[in-house]
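Q: Quick one: the structure is below, and I'll ask about it shortly.
The values are calculated or read from the model by the stated rules, or taken from the named source; none is laboratory data. In this text the structure is predicted, and so the values were computed from the model without any measurement. Quick reminder, even Gly has a Cβ in these numbers, built from the backbone with ideal geometry, and neighbours come from all protein chains shown. To get the accessible areas, we keep the full protein, side chains included, count just its heavy atoms, and leave off ligands, DNA and RNA. Shrake-Rupley method; radii C 1.70, N 1.55, O 1.52, S 1.80 Å.
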Amino acid sequence: MSNLFDYAVDGFEPPDQDVVNTVLDGAEILSLLTTKNYEPASIWHRIVRLGDGRHAIDEGMEIELEKLALLANVDERTVRNAISNNILQARKIDGTVFIENASALQWLQGRRGYQPTRRIAETVQTLASIQTADELGAFLRERRLMLEQNGAGLHTISAKNKRQRDEFENGRFYLNITLISPLAKYYQLDIGEFFACILRVQYEDELTALKQALQKR
């Protein structure tokens with residue numbers, strides 16, 4: 001279920017696993033847990049539908065209207081409006097509206113609530129080789145998952161720093177010196193290499209100017 005959540009909600013494809021089975025296994029677990037007197041929280045059924053929709057997008061298939069709305073984090077009316085305005089190409093099959101893949105993907109990429117799929121196994125492995133903010137975000141996410149799976153023990157961070165961690169893992173960075181040290185400890189990274197990587201991917205011009213100024217001394 002953890003892998004399902006990572007894939008469906010955050011867009012991180014679990015390494016060495018078949019995504020189809022991840023989604024189907026999640027649905028089966030929910031079915032097994034459902035009894036006459038007990039039913040898992042409805043959010044998990046939503047997550048399964050979200051994972052199924054993400055898989056459809058990733059595999060170039062048509063996607064159901066409801067699942068496209070879940071991926072974009074909007075209500076279904078917004079999707080219907082996009083169809084009415086010919087932004088999305090759709091067709092109805094047995095009463096269910098399906099959106100053509102290419103138009104759905106293009107539309108999703110313009111939605112702030114959409115998290116694109118990232119394949120953890122393909123992310124770079126060292127800070128020194130990272131060139132973009134997206135690569136650094138994927139690297140940090142992968143490292144956190146690795147530390148959790150290995151039971152290495154993550155350092156405790158405040159709620160404020162946790163929010164910043166989530167921003168970093170989604171490739172959104174802004175320079176706040178006070179966050180560098182606690183986050184480097186959290187990810188168990190060398191603070192100097194971590195700081196240098198952030199400067200390189202997000203503040204390349206400023207880093208170049210700083211190097212030039214130091215060379216003149």
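Q: For segment 94-110, how many residues meet the condition of being within 14 Å of Arg54 (Cβ to Cβ), surrounded by 15 or more Cβ atoms within 10 Å (Cβ to Cβ) and not hydrophobic (A, V, I, L, M, F, W, C)? Before the answer, list the steps.
A: Step one: list which residues in segment 94-110 are within 14 Å of Arg54 (Cβ to Cβ), which gives 99, 101, 104-105, 108-109.
Now restrict to residues that are surrounded by 15 or more Cβ atoms within 10 Å (Cβ to Cβ): 99, 101, 104-105, 108.
Going one step further and asking which of them are not hydrophobic (A, V, I, L, M, F, W, C), we end up with 101.
Total meeting the criteria: 1.
Q: Can you tell me which residues in segment 170-212 are of a type in the set (S, T, N, Q), open to solvent by 70 Å² or more (accessible area, probe 1.4 Å) and modelled with pLDDT of 85 or more? Full working, then the answer.
A: Residues of segment 170-212 of a type in the set (S, T, N, Q): 170, 176, 178, 181, 188, 202, 208, 212.
From what is left, the residues that are open to solvent by 70 Å² or more (accessible area, probe 1.4 Å) are 178, 188, 202, 212.
Scanning segment 170-212 gives a single hit, Gln188.
Q: Here's another thing I want to ask about it. Do you know which residues across segment 1-17 are within 30 Å of Arg112 (Cβ to Cβ) and either open to solvent by 60 Å² or more (accessible area, probe 1.4 Å) or touching a Leu at 6+ places or on another chain (Cβ under 7 Å) (or both)? Even if it seems obvious, please write down each step before you answer.
A: Start the filter on segment 1-17 by keeping residues that are within 30 Å of Arg112 (Cβ to Cβ), which leaves 1-15, 17.
Passing the criteria: Met1, Ser2, Phe5, Ala8, Val9, Gln17.
Q: Could I ask something else about it? With the structure loaded, tell me whether Glu204 is within 18 Å of Gln131 (Cα to Cα) and touching a residue at least 24 places away in the same chain (Cβ under 8 Å) or whether it fails that test. Lay out the reasoning, then the answer.
A: Working: within 18 Å of Gln131 (Cα to Cα): yes; touching a residue at least 24 places away in the same chain (Cβ under 8 Å): no.
Considered against the rule, which asks whether it is within 18 Å of Gln131 (Cα to Cα) and touching a residue at least 24 places away in the same chain (Cβ under 8 Å), Glu204 comes out as no.
Q: What are the residues in segment 77-93 that are under 17 Å from Gly53 (Cα atoms) and open to solvent by 80 Å² or more (accessible area, probe 1.4 Å), if any?
A: Across segment 77-93, the qualifying residues are Arg80, Gln89, Arg91, Lys92.
Q: For segment 59-76, which residues satisfy the criterion of being open to solvent by 30 Å² or more (accessible area, probe 1.4 Å) and of a type in the set (A, V, I, L, M)? Step through it out loud before you land on a result.
A: To start, the set of residues in segment 59-76 that are open to solvent by 30 Å² or more (accessible area, probe 1.4 Å) comprises 59-62, 64, 66, 73-76.
Selection gives Met61, Val74.
Q: Could you tell me whether Ile57 is part of a helix (DSSP H, G or I), modelled with pLDDT of 80 or more and closer than 20 Å to Ile93 by Cβ? Steps first, answer last, please.
A: Numbers: part of a helix (DSSP H, G or I): yes; modelled with pLDDT of 80 or more: yes; closer than 20 Å to Ile93 by Cβ: yes.
Criteria met by Ile57.
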